[in-house]
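Below is a structure I'd like to ask you about.
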Amino acid sequence: MKPLKRALKVLLLTMAAYLVQVCVMRYFMVRSVVGSVVFAVLAIIVVSCGKKYAFCSSCIIGMMMECMMANSNVPSLYVIAYPAITMLFAQTFADMTDRQLEQRRLAYERRQVRISQGRGKKHWWYSFMLRYRDTDLPPTVRIPLCAGLMDLALNLVLIAYMYLIGEELILIHLFRLAGSVLYTMGLAVVLMLPCRKMLGMYPRRRREQGGENA
């Protein structure tokens, strides 16, 4: 029953994200830039529920987006792009298995030995990642990063398409791209706590009844 309940909650979040994106977000446009509630919610599902739920949600989103925003020149663009982008970044941001964590820990240990022997260079990101060699990065870090990168990937695909059909790319396109990514990351930060609570990631603590009978 618990997997079924979670699946229904994920489906509800998916439908809500789609409806908010197509019906509400146009009223929250900032200098012609609109964030992606869809990618914010997909990132939450990736980190909180795993790749299977994320794949199903991205397929649903892709099919609905294709029905509404279908491009005659590039058929099936959205129905392919959303699942492909979601699963691409799910490989990085979803919770890792014990085997993957062990492999990463061993890789960092080997690199640390090489650095101590003067055969390797210590980069700034190495010290940061070394802190989390035995665990995943915190969900509060992974969710905004995942949402922003997924939005960036889709926007790059759309910009590449614009360039290929002969439209001139100007600086404003890059500003809109950066604004969209930051907007989406902000939406992920705002939505991740209530959505994760809805998905049961913060279970309520049961009151201890031992003291009442004492």
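After finding the eigenvalues of the alpha carbon gyration tensor for segment 17-85, what semi-axes result from the square roots of 5 times each, listed largest first in whole Å?
Values: eigenvalues 79, 62, 17 Å².
Equivalent-ellipsoid dimensions as semi-axes: 20, 18, 9 Å.
For segment 14-59, report the accessible area per residue in Å² (1.4 Å probe, heavy atoms, rounded to an integer). Let's see the in-between values first.
Details: 2050 Å² over 46 residues.
Ligands and nucleic acids excluded, the figure is 45 Å² per residue.
To the nearest 10 square angstrom, what accessible area does F55 show with a 1.4 Å probe?
Approximately 90 Å² of F55 is accessible to the 1.4 Å probe.
On to the next question. Work out how much length M87 to R31 would gain on full extension: take 0.36 nm times their residue separation and subtract the Cα-Cα distance, in nm to one decimal. Don't skip to the answer; put the middle values down first.
Working: separation 56, 0.36 × 56 = 20.16 nm, distance 3.06 nm.
So the extension gain works out to 17.1 nm.
For S36, S76, give the ranking by accessible area with the largest first, probe 1.4 Å.
From most accessible down to least: S76, S36.
The values are calculated or read from the model by the stated rules, or taken from the named source; none is laboratory data. Keep in mind that what you see is a predicted model, and the values were worked out from it rather than measured. Only protein heavy atoms, including side chains, enter the accessible area calculation; ligands, DNA and RNA are left aside. Shrake-Rupley method; radii C 1.70, N 1.55, O 1.52, S 1.80 Å.
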